[in-house]
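The values are calculated or read from the model by the stated rules, or taken from the named source; none is laboratory data. Source: prediction; values computed, not measured. Using ideal geometry, Cβ is built from the backbone for each residue, glycine included, and neighbour counts are taken over all protein chains shown. Quick note on the areas: whole protein, heavy atoms, side chains included, nothing else; ligands and nucleic acids left out. Shrake-Rupley method; radii C 1.70, N 1.55, O 1.52, S 1.80 Å.
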Amino acid sequence: MKKIAILGSTGSIGTQTLDVVREHKEELCVTALAAGHNKERLKEQIAEFHPSLVSLADEKLALELKHELAGSGVEVLSGMDGLVAVAGAKESDVVVTAVVGMMGILPTMEAIRQGKDIALANKETLVTAGHLIIPMAKEYGVSILPVDSEHSAIFQCLHASRRQDVDKILLTASGGPFRGKTLEELEKVTLEDALKHPNWSMGQKITIDSSTMVNKGLEVMEARWLFDVDYDQIEVVVQPQSIIHSMVQFTDGAILAQLGTPDMRVPIEYALFYPERRSLAGDRLDFGSLRSITFEKPDYTVFRGLSLALAAGKAGGTMPTVFNAANEKAVAKFLKREIGYLDIIRLIEKCMDAHQVQENPSLEEILATEQWVYSYIG
């Protein structure tokens with residue numbers, strides 16, 4: 001029986017992870033859950049999956065839940081301390097990191113210290129602290145198993161290959177809801193427009209990131225650390241149908257691709273059972289009805305967020321943190337209707353222009369940079 005802890009259990013990835021657990025009750029069980037502010041959904045998850053430890057981001061909600069669960073034997077914690085405790089829970093074998101943002105760094109580090117394998121769905125951890133996380137995982141002998149569909153696809157394509165034979169990673173993107181639009185058209189984009197992704201069902205923040213293609217830029221930075229490649233070896237390819245989840249080109253010109261329907265449960269299940277596979281209910285590709293799979297180059301001028309991400313990644317040091325934190329703050333403002341759609345990218349660029357890069361930053365310097373960005377944007 002494999003025991004798992006989930007950080008972000010009430011979000012999109014967290015709930016789909018529990019779908020996988022539900023389908024494999026004989027092989028998976030839940031030991032600990034951490035959620036944000038959705039107390040009622042967490043309470044339902046506790047009743048079904050019986051974890052011994054849970055946490056909520058909000059202390060007041062956690063106290064309410066603790067009172068409601070009195071006598072059940074379930075320990076209830078809160079805040080970052082609770083998140084870290086869930087990540088390091090001794091009973092678990094694998095920690096699914098499905099929280100959004102840089103709050104994933106500290107609990108991921110704790111899970112690694114406790115010898116847990118990481119099913120990684122929190123890309124910001126590697127984007128901002130990959131130079132700390134990857135060596136740490138090697139030191140403690142733990143595996144980092146990608147849960148993003150694109151990185152899982154690359155991971156699967158590399159499974160039977162030697163890393164020295166890799167020539168290029170072809171990271172696919174759907175292009176989002178605004179593929180083919182002009183900058184003038186994007187000026188008029190509303191919040192409702194940006195939250196309509198054509199292929200994937202995701203949380204609000206990542207849906208906005210996908211529409212700006214900032215998410216793809218973050219994935220490029222994550223891929224650099226996951227697969228130990230240079231930025232010049234990563235190429236973004238727009239594949240609008242989201243059928244090919246990513247590809248790897250080798251030194252002899254051969255290309256391996258991983259295909260499937262847009263279903264996040266597939267990479268989640270692969271990470272939880274790696275290196276084995278399990279059956280999974282759901283739709284299968286029907287090549288008889290699939291009329292075409294098309295490809296395009298991304299428009300780096302219209303989707304300037306992707307260009308800025310590549311520049312931030314190549315600059316290194318604290319610049320990826322600036323890019324990520326500025327995007328988090330800007331998207332939060334957009335979701336509150338405080339700024340326009342293209343102002344997201346303008347704020348990111350403004351912060352990057354104002355920042356003096358610190359090389360090889362410590363965790364404290366990374367977190368201080370995040371706070372500088374938040375203060376700078378206001």
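Descriptive notes on the structure:
- Any hit, the stretch 171-180, residues being under 19 Å from the mean Cα position of the chain (by Cα), modelled with pLDDT under 95 and closer than 25 Å to Lys336 by Cα: yes
- Only one of the listed residues (Glu91, Glu26) is touching a residue at least 60 places away in the same chain (Cβ under 8 Å), open to solvent by 30 Å² or more (accessible area, probe 1.4 Å) and of a type outside the set (A, V, I, L, M). That residue is Glu91.
- When the stretch 180-199 is filtered for residues that are in a loop (DSSP other than H, G, I, E, B) and either without any contact (Cβ under 8 Å) to a residue 60 or more places away in the chain or open to solvent by 40 Å² or more (accessible area, probe 1.4 Å) (or both), the ones remaining, listed by number, are Gly180, Lys181, Thr182, Glu187, Lys188, Thr190, Leu195, Lys196, His197, Pro198, Asn199.
- Counted residues, the stretch 239-257 - those being over 17 Å from Ala160 (Cβ atoms) and hydrophobic (A, V, I, L, M, F, W, C): 2
- Unique match (being part of a helix (DSSP H, G or I) and open to solvent by 20 Å² or more (accessible area, probe 1.4 Å)) among Leu310, Leu272: Leu310
- Any hit, the stretch 248-266, residues being touching a Phe, Trp or Tyr at 6+ places or on another chain (Cβ under 8 Å), surrounded by fewer than 22 Cβ atoms within 10 Å (Cβ to Cβ) and hydroxyl-bearing (Ser, Thr, Tyr): no
- Selection within the stretch 47-61 - more than 21 Å from Asp117 (Cβ to Cβ) and either modelled with pLDDT under 95 or open to solvent by 10 Å² or more (accessible area, probe 1.4 Å) (or both): Ala47, Glu48, His50, Ala57, Asp58, Glu59, Lys60, Leu61
- Residue check for Lys350: of a type in the set (D, E, K, R), farther than 28 Å from Ser149 by Cβ and part of a helix (DSSP H, G or I): yes
- Meets criteria (assigned to a loop (DSSP other than H, G, I, E, B), in contact with a helix residue (DSSP H, G or I) (Cβ under 8 Å, 6 or more places away or on another chain), open to solvent by less than 20 Å² (accessible area, probe 1.4 Å) and not polar (S, T, N, Q)) for Pro298: yes
- Test set (1) under 28 Å from Gly88 (Cα atoms); (2) assigned to a strand (DSSP E or B); (3) over 13 Å from the mean Cα position of the chain (by Cα) - Ile118 fails condition number: (3)
- As a summary of the residue check, His37 satisfies the conditions (1) surrounded by fewer than 15 Cβ atoms within 10 Å (Cβ to Cβ); (2) of a type outside the set (A, V, I, L, M); (3) under 22 Å from the mean Cα position of the chain (by Cα); (4) at positive phi except for the one numbered (4).
- Selection count, the stretch 94-151, where residues are open to solvent by 40 Å² or more (accessible area, probe 1.4 Å) and within 16 Å of Gly11 (Cβ to Cβ): 2
- In the stretch 1-21, the qualifying residues are those that are closer than 16 Å to Ser279 by Cα and touching a strand residue (DSSP E or B) at 6+ places or on another chain (Cβ under 9 Å), and the one that is surrounded by the most Cβ atoms within 10 Å (Cβ to Cβ) is Thr17.
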